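The values are calculated or read from the model by the stated rules, or taken from the named source; none is laboratory data. The shown structure was predicted, so the numbers you read here are calculated from the model rather than taken from an experiment. Using ideal geometry, Cβ is built from the backbone for each residue, glycine included, and neighbour counts are taken over all protein chains shown. When the accessible area is computed, the model is the full protein with side chains, heavy atoms only, and any ligands, DNA or RNA have been set aside. Shrake-Rupley method; radii C 1.70, N 1.55, O 1.52, S 1.80 Å.
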Amino acid sequence: MVNLVAVILSVLSICSLAYSCAPSDRAALIAIKAALNEPYFGIFKSWTGPDCCKNWYGVSCDPEVHRVADINLRGESEDPIFEKAHRTGYMNGTISRAICQLNRLSSLTIADWKGISGTIPPCITSLPFLRIVDLIGNKLTGELPADIGRLSRLTVLNVADNQLTGRLPRSLTNLSSLMHLDLRNNLFRGTIPRNFGKLRMLSRALLSRNRLQGQIPNSISYIYRLSDLDLSLNRLSGTIPPSLGKMPILATLNLDGNNISGTIPPTLLNSRIGTLNLSKNALEGNIPDTFGATSYFMVLDLSYNQLKGGIPKSILSATFIGHFDVSHNHLCGPIPVGSPFDHLEASSFVYNDCLCGKPLREC
């Protein structure tokens, strides 16, 4: 009888170990915890016990292989811990290289903690199952890993609002599954890769508030699924590729705050783009007289350029124009009468050479 009980206890022990997390995963998480300091909520107090797949805050495991698959630690969260305290989180420290020992990791989110510094461990490019990297809203420095293109399953790369530097890695364009790219508000320099259009699955490309230079690659127009392109507040120069206006899904195009020159491609004004911001550049020439029934702009901002001529009459054929701004140019002539001009204020037209008519002075 005693032997039978011993056998049963042994079997139960073996089953328990089989359905708990791998010891190597637990050790890696403990090392990750040791490199971070979260002083307010005590979320790492749950990272105790032998089974890291059970009730460890922000940790999820694959139910079949019982390996850590997801780390989801977000400082701006709707979790009851944050709601009860009526505050967002703060965490400092660094992201440990031990993260790379979690070789079944699919999703890595350590975001919006404001105080996490150090670099992105280059070894993350060795994680074959990685699909999501979300490190937005920290104080990370250094460069993107040079061989980040090895992450063939990556669909989301979000490192916005950090202090990352260096050039965009050449291998970036090898991320054939990438759908969401957010590099905003960093210190990236150099040019946008000429073959950026290889990212055929991309739907959002957000690269604003960096120090990027050079021309806008024409290959971007090859990205059939792209709906949101934000290259604003960089140091880009050259002209706007007319092919951007022929993209079938592109709805938002922000190029404001650069050194872009040349004329406005006519294709942009009779396209599917609904938010078009070309302000604060060095664009010249006339506003193309190519508005039509497909022109539907929630925002059309052409202010702070060197545009001349008049406001084209075809703009009256646009289906809708919400916010419209052509101030701080060299435009001249009468402001068209009718929608959308009957609801616009004078600030949309001021500081031109000789525009006239409502809401400005009479012609």
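Structure notes:
- Meets criteria (assigned to a helix (DSSP H, G or I) and more than 21 Å from Q215 (Cβ to Cβ)) for I315: yes
- The test for being in contact with a Leu (Cβ under 7 Å, 6 or more places away or on another chain) and in a helix (DSSP H, G or I) holds for C100.
- Looking across segment 265-290, the residues that are surrounded by 15 or more Cβ atoms within 10 Å (Cβ to Cβ) and among the aliphatic types (A, V, I, L, M) come down to L268, L269, I273, L276, L278, L283, I287.
- Meets criteria (more than 27 Å from L187 (Cα to Cα), out of contact with any Cys (no Cβ under 9 Å at 6 or more places or on another chain) and surrounded by 16 or more Cβ atoms within 10 Å (Cβ to Cβ)) for G58: yes
- Among residues that are under 28 Å from I249 (Cβ atoms), at pLDDT below 95, crowded, with 20+ Cβ neighbours inside 10 Å and not acidic (D, E), A293 is not included.
- Evaluation of N92 against (1) part of a loop (DSSP other than H, G, I, E, B); (2) more than 24 Å from L231 (Cα to Cα) (one fails), failing number: (1)
- The residues of segment 329-346 that are at positive phi and modelled with pLDDT under 90 amount to a single one, G338.
- For segment 195-206, the condition of being buried (at least 18 other Cβ atoms within 10 Å of the Cβ), on the phi > 0 side of the Ramachandran plot and either outside any loop (DSSP other than H, G, I, E, B) or without any contact (Cβ under 8 Å) to a residue 40 or more places away in the chain (or both) holds for none of the residues.
- Scope segment 211-231; condition assigned to a loop (DSSP other than H, G, I, E, B) and either in contact with a Pro (Cβ under 8 Å, 6 or more places away or on another chain) or crowded, with 22+ Cβ neighbours inside 10 Å (or both); matching residues: I216, P217, Y224, L226, L231
- Candidates G262, G238, G257 - the one that is assigned to a loop (DSSP other than H, G, I, E, B), closer than 18 Å to L183 by Cβ, open to solvent by 10 Å² or more (accessible area, probe 1.4 Å) and not aliphatic (A, V, I, L, M): G257
- Scanning segment 318-345 for residues that are over 21 Å from T275 (Cα atoms) and either hydroxyl-bearing (S, T, Y) or not in a loop (DSSP other than H, G, I, E, B) (or both) turns up H330, L331, C332, G333, P334.
- Qualifying residue in segment 39-59 (condition: modelled with pLDDT of 95 or more and of a type in the set (A, V, I, L, M)): yes
- Residues within segment 267-289 that are modelled with pLDDT of 95 or more and part of a loop (DSSP other than H, G, I, E, B), tallied: 11
- Counted residues, segment 318-345 - those being under 34 Å from the mean Cα position of the chain (by Cα) and exposed (fewer than 14 other Cβ atoms within 10 Å of the Cβ): 4
- Those residues of segment 275-318 which are in contact with a Phe, Trp or Tyr (Cβ under 6 Å, 6 or more places away or on another chain), more than 19 Å from S227 (Cβ to Cβ) and not small (G, A, S), in sequence order: K280, I315
- Restricting attention to segment 299-312 and to residues that are outside any loop (DSSP other than H, G, I, E, B) and closer than 19 Å to C354 by Cβ, the residue that is least open to solvent (accessible area, probe 1.4 Å) turns out to be L307.
- When the residues of segment 110-145 are filtered to those that are at positive phi and either assigned to a loop (DSSP other than H, G, I, E, B) or surrounded by 21 or more Cβ atoms within 10 Å (Cβ to Cβ) (or both), the one that is farthest from the chain's Cα centre (by Cα) is G118.
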